[in-house]
Ligand SMILES: [Zn+2]
């Protein structure tokens, strides 16, 4: 699965992806930020799980999106994570 088009809608706070099977899926920023797989979030997520606490991302305000080769995007969150890589596989697997 690969995206045809990716649009960040900062008003609605969703990242809208049109997939190559023509599905249009709005991914809420909050969900994307909570799904960040950078080293720091992974560590914090593990600690939260051990303490039975919900994981809350540092920021879910989208600053910018950068393409990563042909397999995904890097989302930069304002005052938050800068190295969270979201592969097409991760994104298409997220439950909305
Ligand atoms: Zn992160």
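Any read-out appearing in this document is the output of simple, stated calculations on the displayed coordinates, not a laboratory observation. Note that the structure is predicted; figures quoted are calculated from it, not measured. Neighbour counts run over all protein chains shown; Cβ positions are idealised from the backbone, glycine included.
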Residues (within 14 Å of the ligand (Cβ to nearest atom) and either touching a strand residue (DSSP E or B) at 6+ places or on another chain (Cβ under 6 Å) or in a loop (DSSP other than H, G, I, E, B) (or both)) located in region 37-55: 37, 38, 55
Test: residue in region 56-65 that is farther than 18 Å from residue 90 by Cβ, assigned to a loop (DSSP other than H, G, I, E, B) and more than 16 Å from the chain's Cα centre (by Cα): no
Selection within region 66-95 - in a loop (DSSP other than H, G, I, E, B), touching a helix residue (DSSP H, G or I) at 6+ places or on another chain (Cβ under 8 Å) and within 14 Å of the ligand (Cβ to nearest atom): 80, 81, 83
